[in-house]
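Scroll down for the structure; my scribbles are underneath it.
Taken together, the values in this text are just the output of simple stated rules run on the coordinates, not laboratory data. Computed from a predicted structure; not experimentally measured. Here the Cβ positions follow ideal geometry from the backbone for every residue, glycine too, while neighbour counts run over all protein chains shown.
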Amino acid sequence: MKWDTLIITALCTGMRKSELLNCTWSDIDFENMTIEVSPKKNIDYTWEWFIKDTDRRTLPLTKDVVQMLADHQSQQLEGYPYMFVPPARYDFIQQLRKQGKWTLRDARLKVINNFSRQFEKILKRANIRNRKFHCLRNTAITNWFANGMSEYDVMILAGHSSFSTTHGFYLAVGMIWLIVQEQQHRRL
C-alpha cells in the first residue's frame with residue numbers, strides 16, 4: 001500500500017476511505033488535474049461499488065498530488081486497475097469474486113485487510129493519538145472553509161447529499177475559528 005500517496009490524496013480531495021480504495025486509474029484525468037469519484041460496475045476487472053451520498057463528483061487535484069499519483073502509477077504492474085489496492089490483494093479479491101464470496105458490503109469495508117490497524121501504526125509512529133482515517137476528510141473540508149470556499153461548493157466537493165450536513169460542519173468549524181480569533185485578539 002502506498003500510504004503516503006493515499007494520505008496526501010485524502011487531504012487534498014476530502015475523499016472518504018471507501019472512495020479512495022475503490023478509485024481506479026481511469027478515474028484520474030492527469031491533464032485536467034482532476035479525480036472522479038464514480039460508482040463501479042461488477043465487470044471482469046472491477047467490483048460493484050456505490051458512492052455514499054451522490055451519483056458521482058469530480059474533484060480538483062494539486063500539481064504535487066498529480067505528480068505523486070503519476071509516480072505511483074509508473075510503479076504499478078500492468079493490468080491492475082485500482083490505485084490503492086496492492087496487486088496481491090486485488091488477485092485475492094478476484095478469487096473471492098469468482099467463488100461468489102465478495103459482496104457490495106465487502107467493497108465498502110474489506111478492500112484492504114487490517115486498514116485501520118495499519119493506519120494506527122502510522123499514527124503511532126507520528127506520535128498522533130486518537131484519530132481515524134476520516135479525520136483526513138475533516139481536515140480537507142476545514143481547509144476548504146478556511147480558504148474561503150462557499151458552503152455550497154464545499155457541499156458539492158464533499159459529496160454531501162444535503163446542505164444541512166455541510167452547514168452543520170461549517171457551523172462547528174466557524175465556531176472554532178471565532179474562538180481562536182477571539183483568543184488571539186485577547187493576547188494583543
Estimated Rh, the chain: Kirkwood, alpha-carbon pairs, angstrom:
18.0 Å
Would you work out which of S116, Q184, M68 lies farthest towards the positive end of the dipole of the chain? Charges go on Cβ: Lys and Arg +1, Asp and Glu -1.
S116
Pairs from K52/K124; K98/K121; K63/K121; K2/K121 whose Cα-Cα separation, in the structure shown, is over 25 Å
K52/K124; K98/K121; K63/K121
Using Cα pairs closer than 8 Å and at least 6 residues apart in sequence, work out the relative contact order for the chain, in percent.
26 percent
Using mean Cβ contacts within 10 Å as the protection proxy, how do 62-68, 145-151, 33-39 order, highest first?
33-39, 62-68, 145-151
Calculated from backbone phi, Karplus (6.51, -1.76, 1.60) coupling profile of the range 161-166 in Hz, x at Gly/Pro:
7, 10, 5, 4, 5, 5
